[in-house]
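The values are calculated or read from the model by the stated rules, or taken from the named source; none is laboratory data. Quantities reported herein were computed from a predicted structural model and do not represent experimental measurements. Ideal geometry is used to build each Cβ from the backbone, glycine not excepted, and the neighbour counts take in all protein chains shown. For accessibility, only protein heavy atoms count, side chains too; no ligands or nucleic acids. Shrake-Rupley method; radii C 1.70, N 1.55, O 1.52, S 1.80 Å.
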Amino acid sequence: MALQEPIASSTGPAPATADVSPQRQRSLARAARHDILRRLAPPLRHDMVVHLQSLGMMAEALSARMERGAVAGNELAGSVSKLKRLSRQAVTRCLEVCTWMEPGEDDTIGLRDGVTEVVRLLSTSLNFRGFDLRCEPCDGTFEVTRSALRFLLAAAILTLADAAPAPGQIAVRTAQSSTHGVISVEYQPEPVEATFTQLHESGDAPLSWLEVQALAAQLGVELLRNGEAIILRLPRAVVTSPLKMAAT
């Protein structure tokens, strides 16, 4: 699906949610957030644990060497420095994961960086299921709301993977105009003659497309699904309140 789809001129909520009451729409949007986080829990947990495991393994190795008296003063200082660095990295990563639940003060990100983050998060788990998740390189630093990109791009990728009849490639492409960033997500089956592992189910209930549409409407993102492709059109992020200054 090309990025110049008719969605570029559409406005307002998706037709499926246009006649839903505001209260019902908020409930659907909350349900979508909950379900998307549920599906992302394993990769988010891995993102936190991988740094903590490195920290723990190094601490255990250093402790064992100290018990044997095999650590010189300069080596100890170097090991402590590495432990501090790993500790900072672990804390930073845990705080980043927490922003999925509660966005930070500056909830903006460049379109390219935001797409790369979501693709990196999901690529391994989707590869186990039989999908090659790819992000085509893009230029520019067009800024969008980070939480909107995170939730809706993840939802689009998971939706296409859940509906796919066979292993294949999920390609993510981006483009931008003066006012919007556009993300196209498309599933393409592998050639019939190719030999791949069997398609594996996620084991989780699929996301509700009605709920995803409600979330998109709440976040001010235009959303279009056309067969095996989904397009997101995100407005430029605007900072509406001054950032708090950190204490010195």
Answer residue from the range 139-174, given it is of a type in the set (D, E, K, R) and over 16 Å from L224 (Cα atoms) and is least open to solvent (accessible area, probe 1.4 Å) among those
R150
Looking at the structure I just gave you, is S177 modelled with pLDDT of 95 or more and either open to solvent by 90 Å² or more (accessible area, probe 1.4 Å) or under 20 Å from T116 (Cα atoms) (or both)?
no
Conditions (1) among the acidic types (D, E); (2) modelled with pLDDT under 70; (3) loosely packed, with under 13 Cβ neighbours inside 10 Å -> E60 fails only (2)
Given the criteria of a type in the set (S, T, N, Q) and in contact with a helix residue (DSSP H, G or I) (Cβ under 8 Å, 6 or more places away or on another chain), does S178 qualify?
no
